[in-house]
Every structure is written in structure tokens, then in C-alpha cells.
Amino acid sequence: MAVWYPAAGKESQHAYSLGATGSVALNAAAARRQQYPLIVFSHGWGGCGTQSIFLTEELARAGYLVAAPDHRDASCSVDGPRLPRLHLPQIPFSTAGHWRDSTYRDRHADLEKTLDWMLASDDFRGAIDPARIGAMGHSLGGYSVLGLAGAWDSWKDPRIAAVLALAPYVKPLLLKDRLGSIHVPVMFQSAPFDLGITPSLRGPNGAFAQSSEPKYYVELRGGNHFEWTNAVCFGHTRIEDCLQKRANPRLIVNYSVAFFDSYLKQQPDGLRKMDGEGLRRYLHSEAIAAVP
């Protein structure tokens, strides 16, 4: 598991095993000036906990702890180089109707163990506000965190207060009519050339429409399924350069931070001010309190 966090130390350049260079105070003590929200991150099928460094680093810089385990299907590792391994899905992605709450339950177990460990850890528990916990996942990781937020009854963890689904695989949850069972704020992010995922998020029968309020839909301009991974920074070794020169990574960070700020820090102004700035498409629907 990799953990990014506000640190009581000076940052320096750090080369991750996947070839990207970030800026961290490696293994420094966690800052204890206040208690910070915790976000658990679930990687995509065949990815790993360090697959989305530009986002996990920036969330920590914005005042969050981010804990990212390697799941059983990982083909890279937070611990360093790993020989590529061939993984077959537990049930083919093309037969979504056969998926049920037992499908990828090992990921649910990983996320539960991650949360339990972080909240009990001598290194981090004093820096975490246990009342402010979010979940974030890419692709199959999106399926995993939606399940954790209540899409699968047997997976539901009441500690999750907001969920960010990055190009999530939602077809099983749509077919089983499960998305309406999530009762925490959710943001879906997508890309127009992610042809296997984006159509299942859009439209009257898509994940956004079928989800409960408050909910958000972010669609980037251009991009594919791997827009939320280190691949989006190809050509830029340093994460800092990638964020300065590439629009989509910067937009992903901005909307993700603003979403969590709104629901884990009760700071909604950032999300309200952006209102679709820089995006191809932006939809949102917030519950409105009854007025006497």
C-alpha cells in the first residue's frame, strides 16, 4: 500500500517505479497541525496503487491522506518493479449480467483492511478525522468504491461520506439497478473516447441519471480510458511539468479536489465557481432543502 499525506518535512524529487517523478517528503512524519480527511483509492484492473500519481500526490498537497493498496489483480506494485502478470477477469467484462456482489469481493476486503489499518496506525491515526472519509477509484476501482459506498448492500461501509468514480465500470450495477442504493455524494468522471465506459455513464439510463443526489458528471475534452493514470503524462517525466502543460490532468485534479473539499471539508465554493470550466460536458444535481 502507498500512502500520501500532508507531511512534516521538506519535499524533494522522487522517482516512482513506473517512471514518473514526483515531489514528496519521503517517509517523513505526518503533519499533526490538524486532522485531515482520508481517501481510500482503488486502482483499475491490472493497475496498482501508484498508477495515478499526479492525482494522489495533489490530493495530499490539498490536505488529504490517500491510501492506495495493490489489489490481487495488480500488474505493477507500489513496492517497486514487478514482472508483468497475465490476469483474467473473475467474470468477463462482456457478461456484466453475471456479476454479483461476490464478484471481486477481494477488492472490498482490501479496501476495508486499508481503512481499518489507517485508522489504527500509530503513524497516521492522529492525523485522520475518522468522520471525514471518502473513496476514489478508476475503472474496476470505480466499481469497487461504488460498491463500498452502498451499490452492493453486503459491501456497504457507513464510514464512506463521498465517492469519486473515475471512468468506472458500472454495467453490472446498472443491470442490477443498484446505483440508487448509494446515498452519499458521487462524482463520475469520463472521457469522450473511452468508448467502453462513457456511454454507460451518460443519458437517461446511464449511471449519472440513475444515481441519487447530490451527484456530478464531469466529461473531459478528448481523452480515453487511461486519462486518469500516469499514461496521461507520457512525454513528461516530472508530474509538475505534466500538470503545467497538460489540460486534462490539471482538470482532473481541480474537479476532484473541489468535490472532496465540498463534501469532506464543507467548502463548496470551489466546486460552485468552476461550474464546468474547461470541460466538454458538466452535469450536476444537488438535493434542495425544503423551504417552509
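Here are the numbers for the structure shown:
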{"read-out": "Identity of the residue in the range 204-240, touching a residue at least 60 places away in the same chain (Cβ under 8 Å) and among the basic types (K, R), that ends up farthest from D275 (Cα to Cα)", "value": "R238"}
{"read-out": "Extreme residue, farthest from F188 (Cα to Cα), among residues of the range 258-269 that are of a type outside the set (S, T, N, Q) and either buried (at least 17 other Cβ atoms within 10 Å of the Cβ) or touching a Pro at 6+ places or on another chain (Cβ under 9 Å) (or both)", "value": "K265"}
{"read-out": "Residue in the range 140-151 that is out of contact with any Pro (no Cβ under 7 Å at 6 or more places or on another chain), part of a strand (DSSP E or B) and not hydroxyl-bearing (S, T, Y) present", "value": "no"}
{"read-out": "Test: residue in the range 85-93 that is farther than 30 Å from Q267 by Cβ, crowded, with 19+ Cβ neighbours inside 10 Å and either free of Cβ contacts under 8 Å to residues at least 40 places away in the same chain or under 15 Å from the mean Cα position of the chain (by Cα) (or both)", "value": "no"}
{"read-out": "Failed condition for S154, given (1) closer than 30 Å to N254 by Cα; (2) touching a Ser or Thr at 6+ places or on another chain (Cβ under 9 Å); (3) not aromatic (F, W, Y)", "value": "(1)"}
{"read-out": "Contacts under 7 angstrom Cβ, first residue in the range 153-174 being touching a residue at least 60 places away in the same chain (Cβ under 8 Å) and closer than 17 Å to D110 by Cβ, partner in a loop (DSSP other than H, G, I, E, B) and among the polar types (S, T, N, Q), 6 or more apart", "value": "Y169/S139"}
{"read-out": "Residue list for the range 59-72, filter: farther than 14 Å from L111 by Cα, surrounded by fewer than 23 Cβ atoms within 10 Å (Cβ to Cβ) and not small (G, A, S)", "value": "R61"}
{"read-out": "Scope the range 16-38; condition under 20 Å from D241 (Cα atoms), in contact (Cβ under 8 Å) with a residue 60 or more places away in the chain and small (G, A, S); matching residues", "value": "S17, G19, A20, G22, S23"}
{"read-out": "Subset of the range 120-165 that is out of contact with any strand residue (DSSP E or B) (no Cβ under 8 Å at 6 or more places or on another chain) and among the polar types (S, T, N, Q) - its residue that is farthest from D194 (Cα to Cα)", "value": "S121"}
{"read-out": "Odd one out for L173 among (1) under 20 Å from F260 (Cα atoms); (2) crowded, with 24+ Cβ neighbours inside 10 Å", "value": "(1)"}
{"read-out": "Residue match in the range 228-235 (condition: out of contact with any Gly (no Cβ under 8 Å at 6 or more places or on another chain), buried (at least 17 other Cβ atoms within 10 Å of the Cβ) and among the hydroxyl-bearing types (S, T, Y))", "value": "no"}
{"read-out": "Unmet criterion (only one of (1) at pLDDT below 95; (2) charged (D, E, K, R); (3) within 20 Å of G137 (Cα to Cα)) for D275", "value": "(3)"}
{"read-out": "Residue, surrounded by the most Cβ atoms within 10 Å (Cβ to Cβ), within the range 1-15, restricted to residues that are touching a residue at least 40 places away in the same chain (Cβ under 8 Å) and part of a loop (DSSP other than H, G, I, E, B)", "value": "Y5"}
{"read-out": "Qualifying residue in the range 239-256 (condition: over 22 Å from G22 (Cα atoms) and modelled with pLDDT of 95 or more)", "value": "no"}
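Each row is one residue, and each column tells you yes or no for (1) closer than 20 Å to G49 by Cβ; (2) at pLDDT 95 or above; (3) in a helix (DSSP H, G or I); (4) over 18 Å from the mean Cα position of the chain (by Cα).
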site: A74; (1), (2), (3), (4): yes, no, no, no
site: S77; (1), (2), (3), (4): yes, no, no, no
site: R100; (1), (2), (3), (4): no, yes, no, yes
site: T103; (1), (2), (3), (4): no, yes, no, yes
site: G126; (1), (2), (3), (4): no, no, yes, yes
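So that you can scan it fast, the table gives a plain yes or no per residue for (1) surrounded by 16 or more Cβ atoms within 10 Å (Cβ to Cβ); (2) closer than 19 Å to M1 by Cβ; (3) in contact with an Asp or Glu (Cβ under 7 Å, 6 or more places away or on another chain):
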residue: W99; (1), (2), (3): yes, no, no
residue: K113; (1), (2), (3): no, yes, no
residue: M118; (1), (2), (3): yes, yes, no
residue: F124; (1), (2), (3): yes, yes, no
residue: I133; (1), (2), (3): yes, yes, no
residue: M187; (1), (2), (3): yes, no, no
residue: I197; (1), (2), (3): yes, no, no
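The values are calculated or read from the model by the stated rules, or taken from the named source; none is laboratory data. None of the values given here were measured: they were computed from a predicted structure. Don't worry about glycine lacking a Cβ; one is built from the backbone with ideal geometry, like all the others, and counts go over all protein chains shown.
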